[in-house]
Every structure is written in structure tokens, then in C-alpha cells.
Amino acid sequence: MVQRRPQPEGAGARGTPAGPEALGAVLSRLFAARGYGRVQADAQLQTLWRDVAGERIAKSTRVMGLKNGVLTIGVDSSPLLSELSSFHRENLLEGLKSRRGESIRDLKFKRSARSK
């Protein structure tokens, strides 16, 4: 005979609630597990970057991610990387902060080949 470990009161298999659960809670867990929220957030950041940087710069750059308030931008070429870091960083950061608020506190540029 197989012995089973006792589960905490009110929990079903895999630690899920034993009874009916709100659909919103189930969908929230599913979206988080599948990473759907992150895809939407990445798309929003890319749109924000294109709006602030302008079409010319956006064509040669891409949002790589936002971590601990630092937005990292991948840049296709070294000359553009140097130009953005030296001459445009402060204005771009101000534009991002004005539209996104406190969630972006710094801007970092990184050399990165464009993946399509």
C-alpha cells in the first residue's frame, strides 16, 4: 500500500486551493507562468523607446530589458553607441522618465547585433 504525505488543510494537489477558485486568479497564474505579461511589457517598452528616441534612432536600436530601474538599449553600431552615450543619454533619459515615471531611473547602452 502507498502512503501519502498529509497535505496542509485547504490545499489540493500541487498546493492549489481545494475548492472552487475565481477565474481571474486562475488566469493570472497561467499568464505569469507562460510569461504573457512580460511580452506585453516588453512591447510597451519598445513603443515607449521608439516614441522618445525617434524613428531614426529606433531603427538601429532595440530595448533589451528593464532591470532594477535601468533600461538597457541594444545598439547596432559602435559609432551610434558612442553618439547616444555621449550626446543624447540625458535628454533620452529625461523623456523616458517624463512618460514612464519612477520605473526608469537610468539608461544604459550596449553594443548588440540586431536580431530580426
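Residues that are under 17 Å from the mean Cα position of the chain (by Cα) and over 11 Å from Arg111 (Cα atoms) within the range 65-92 comprise Gly65, Leu66, Lys67, Asn68, Gly69, Val70, Leu71, listed in sequence order. Note on the range 82-116: among residues that are outside any helix (DSSP H, G or I) and among the small types (Gly, Ala, Ser), the one that is surrounded by the most Cβ atoms within 10 Å (Cβ to Cβ) is Ser112. Of the residues making up the range 60-81, not a single one is touching a helix residue (DSSP H, G or I) at 6+ places or on another chain (Cβ under 7 Å) and part of a helix (DSSP H, G or I).
Here Gly65, Gly74, Gly37 are screened, and the one residue that is modelled with pLDDT under 95, surrounded by 11 or more Cβ atoms within 10 Å (Cβ to Cβ) and in contact with a Phe, Trp or Tyr (Cβ under 9 Å, 6 or more places away or on another chain) is Gly37.
The values are calculated or read from the model by the stated rules, or taken from the named source; none is laboratory data. Every value quoted in this text rests on a predicted model; they were computed, and no experiment measured them. All Cβ positions, glycine included, derive from the backbone under ideal geometry; neighbour counts span all protein chains shown.
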